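Trainee: Take a look at this one; I'll ask things after.
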Amino acid sequence: MNSQTISLFRFLMLGILSKRLLVLVAVMVLGAALSGSFIHELAIIDGAAIQSAFVADFLRYGLALLALLMIATSVAEDYESRQFERLLTMPLARWQYIAAQSLVIACLCVFLVLPVMVLISIYSNPALGLYWAVALWLELFLLGLLGMLAILSLEKIPQAVFFALAIYLLAKLSGLITLMLAESVKLSEGSVTSRVIEYIFSAILYVLPGTRSFAENDVFFNSLDLMALLGEQLLGVVVYALFILVVCLVDFYRKEFNL
Amino acid sequence: MRRGERPILQLPRFLVFAFMLLLAAQVTWHHYSQQHLENRYEALGTPFSAAIYGAMAMGSEQLLGHLLALRLQLHDSQAGQHFNYNLIDYAVLLDWLDRITVISPGTEYPMLLASRVYTTTRDQQRLRLILGFIQRRFEDNPQLHWRRLAEASLIARHRLGDLGLALEMAAALADQPANVEMPVWARDFKFLLLADMNELESAIAIIQALLQSNAVHDPDEKRFLEQKLLEFQQKLFDSQQSAYN
């Protein structure tokens, strides 16, 4: 059973690794390094910290988008080439596809965070480089799983990428949205509609990843307990990743394929 | 061998006339384009509340605070031109500095902008406002901001000519409890203010004291201070030479 999953993982991994991916990562790293140097030149003090933090965030969002596109494209190609129908004629369970795809996401994220670790270690220090690499891996893995869920359900790349990005940004901007809704309740003098919307959003927040599930950029400016931060993030990511995987399985097992 | 020159009056009349006319045109054009440029200055907008910026930062509050500080620092450079600080509304500027301080607690950037950049204004009222900001924000974190207050005190003494305010700031430094780590000279700052030194001599003294007491840890700031020290020493030397001559 395990060897079949590993074989499927290797097959899917070969499909995702390409020269194009390598070039895109290289371009992104170069862009981050150049814009980071520019920011460093502008700063009067704390130039190194600002540069590291900027490069870290630049690569965080750039690689998040890249990871999402790669995963969505990979699964979408399986749909288009009727790969699922072929796989299901083999002695393979559906969960093995999800397991193999999760392993692909994990490996892809390792590949993406390695240059980030090197760059951040150069700009700040190896401890911060290592922290950011691990924290970013967790964040990208979570987003990758979200992307997988989106493409499995929606089957179309644009919709899937949009949906996964929307969830990601909604989680990240939850503070701002909560603030705006609270203001709207205040401005409308506590109207029922505003209160209902506020209530619905606060309910939605329960099924979004918490803000602690993401890498903490403030580490570049303040001396924070990196291990404690990682521990908290790991816990949040494990719980949410398992939740997403179960939703993926439910969705995938419900799908009908014409064999 | 120097070539001989004909007197201006011997030149063709139309050439002299053309020269005068074009000189006047150039002066007029420059005058109006300067006015036009000042009209093109885009005033500093009012900042949002700190809570909004905090929520917009998507978890990178410190980075956003520093990027806002950089944006503020570059505000006087618009359309490839450097605008005079007198065009900036210092009340709005102080709002921005306050906001950045709240978004990125523990940063020195807004205080540094206040003490090194925005104190270069010649307008006494604006200078008083910015010194007031430094005096007020110093209380947030005396350990982090004592150097800014020392610089502000020197500026109050020499540029504002308000010895009372300068001594008040020096007293705030001296009154800090022993757990606030700062060199002895900073606690005795009033002696530097009362000494018979001009602005350049005082600035050189404070920079040398800062560098020698290892109070500056940021390499960028250290480099900046070393450059300033050389610049001030050169200026002092030049002024002494011209006085001697």
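Trainee: Would the range A:218-228 turn up any residue that is part of a helix (DSSP H, G or I), touching a residue at least 60 places away in the same chain (Cβ under 8 Å), in contact with a Ser or Thr (Cβ under 6 Å, 6 or more places away or on another chain) and within 14 Å of another protein chain (Cβ to nearest Cβ)?
Mentor: Yes, the range A:218-228 contains at least one residue that is part of a helix (DSSP H, G or I), touching a residue at least 60 places away in the same chain (Cβ under 8 Å), in contact with a Ser or Thr (Cβ under 6 Å, 6 or more places away or on another chain) and within 14 Å of another protein chain (Cβ to nearest Cβ).
Trainee: Would you check which residues across the range A:49-80 are within 10 Å of another protein chain (Cβ to nearest Cβ) and surrounded by fewer than 17 Cβ atoms within 10 Å (Cβ to Cβ) and list them?
Mentor: A:Tyr61
Trainee: Would you confirm, using the coordinates I've provided, whether A:Val246 is at pLDDT 85 or above and within 14 Å of chain B (Cβ to nearest Cβ)?
Mentor: Taking the combined requirement at face value, the residue does not satisfy it.
Trainee: Within the range A:183-209, can you find the residues that are open to solvent by less than 40 Å² (accessible area, probe 1.4 Å) and either of a type in the set (Gly, Ala, Ser) or touching a Pro at 6+ places or on another chain (Cβ under 6 Å) (or both)?
Mentor: Answer for the range A:183-209, where residues must be open to solvent by less than 40 Å² (accessible area, probe 1.4 Å) and either of a type in the set (Gly, Ala, Ser) or touching a Pro at 6+ places or on another chain (Cβ under 6 Å) (or both): A:Gly190, A:Ser191, A:Ser194.
Trainee: Another one. Out of the range B:164-188, which residues are open to solvent by 30 Å² or more (accessible area, probe 1.4 Å) and not in a loop (DSSP other than H, G, I, E, B)?
Mentor: Matches in the range B:164-188: B:Gly164, B:Leu167, B:Glu168, B:Ala171, B:Ala174, B:Val184, B:Trp185, B:Arg187.
Trainee: Which residues, taken from the range B:120-162, are within 20 Å of B:Val216 (Cα to Cα) and within 15 Å of the chain's Cα centre (by Cα)?
Mentor: Correct list: B:Ile134, B:Arg147, B:Arg148, B:Leu149, B:Ala150, B:Glu151, B:Ala152, B:Ser153, B:Leu154, B:Ile155.
Trainee: If I ask for residues that are within 11 Å of another protein chain (Cβ to nearest Cβ) and over 22 Å from A:Leu230 (Cα atoms), which ones from the range A:171-210 would you list?
Mentor: Within the range A:171-210, A:Leu176, A:Ile177, A:Thr178, A:Leu179, A:Met180, A:Ala182, A:Glu183 meet the criteria.
Trainee: Additional query: Answer with yes or no whether B:Leu67 is within 27 Å of A:Gly36 (Cβ to Cβ) and either in contact with a helix residue (DSSP H, G or I) (Cβ under 7 Å, 6 or more places away or on another chain) or among the aliphatic types (A, V, I, L, M) (or both).
Mentor: yes
Trainee: List pairs: first residue in the range A:79-107 and over 23 Å from A:Ala133 (Cα atoms) and in a loop (DSSP other than H, G, I, E, B), second residue among the hydrophobic types (A, V, I, L, M, F, W, C) and at pLDDT below 85 anywhere in the structure, Cβ distance under 9 angstrom, at least six positions apart or on different chains.
Mentor: From residues that are over 23 Å from A:Ala133 (Cα atoms) and in a loop (DSSP other than H, G, I, E, B), the pairs are A:Arg82/A:Phe257; A:Thr89/A:Leu259; A:Leu92/A:Leu8; A:Ala93/A:Met1.
Trainee: Let me ask you something else. Scan the range A:210-234 for residues that are polar (S, T, N, Q) and open to solvent by 70 Å² or more (accessible area, probe 1.4 Å) and jot them down.
Mentor: Within the range A:210-234, A:Thr211, A:Ser223 qualify.
Trainee: A further question on this structure: Answer yes if at least one residue in the range B:232-242 is under 24 Å from B:Tyr109 (Cα atoms) and in contact with a helix residue (DSSP H, G or I) (Cβ under 7 Å, 6 or more places away or on another chain), and no otherwise.
Mentor: yes
Trainee: Of the residues B:Gln135, B:Gln78, B:Gln73, B:Gln125, only one is within 20 Å of B:Pro47 (Cα to Cα), polar (S, T, N, Q) and modelled with pLDDT of 90 or more; which?
Mentor: That would be B:Gln73, the only listed residue that is within 20 Å of B:Pro47 (Cα to Cα), polar (S, T, N, Q) and modelled with pLDDT of 90 or more.
Trainee: Can you work out which of the residues in the range B:107-161 that are of a type in the set (Gly, Ala, Ser), open to solvent by less than 20 Å² (accessible area, probe 1.4 Å) and more than 14 Å from chain A (Cβ to nearest Cβ) is nearest to B:Lys222 (Cα to Cα)?
Mentor: In this case the residue turns out to be B:Ala150.
Trainee: Mind listing whichever residues of the range A:1-48 are within 14 Å of chain B (Cβ to nearest Cβ) and among the small types (Gly, Ala, Ser)?
Mentor: Listed by number, the residues that qualify are A:Ala32, A:Ser35, A:Gly36, A:Ser37, A:Ala43, A:Gly47, A:Ala48.
Trainee: Limited to the range B:209-245, what total is found for residues that are surrounded by 13 or more Cβ atoms within 10 Å (Cβ to Cβ), over 16 Å from B:Glu199 (Cβ atoms) and away from chain A (no Cβ under 12 Å)?
Mentor: Qualifying residue count, the range B:209-245: 5.
Trainee: Tell me which residues, restricted to the range B:33-47, are free of Cβ contacts under 8 Å to residues at least 12 places away in the same chain and under 26 Å from the mean Cα position of the chain (by Cα).
Mentor: Once the filter is applied, which keeps residues that are free of Cβ contacts under 8 Å to residues at least 12 places away in the same chain and under 26 Å from the mean Cα position of the chain (by Cα), the range B:33-47 yields B:Gln34, B:Gln35, B:His36, B:Asn39.
Trainee: Report, by residue number, each residue of the range B:67-106 that is open to solvent by 50 Å² or more (accessible area, probe 1.4 Å), away from chain A (no Cβ under 14 Å) and not basic (Lys, Arg).
Mentor: The answer is B:Ala79, B:Gly80, B:Gln81, B:His82, B:Asn84, B:Asn86, B:Leu87, B:Asp89, B:Ala91, B:Asp95, B:Val102.
The values are calculated or read from the model by the stated rules, or taken from the named source; none is laboratory data. Note that the coordinates shown come from a computational prediction; the quantities given were computed from them, not determined experimentally. As a convention, Cβ positions derive from the backbone with ideal geometry for all residues, glycine included, and neighbour counts pool all protein chains shown. Only protein heavy atoms, including side chains, enter the accessible area calculation; ligands, DNA and RNA are left aside. Shrake-Rupley method; radii C 1.70, N 1.55, O 1.52, S 1.80 Å.
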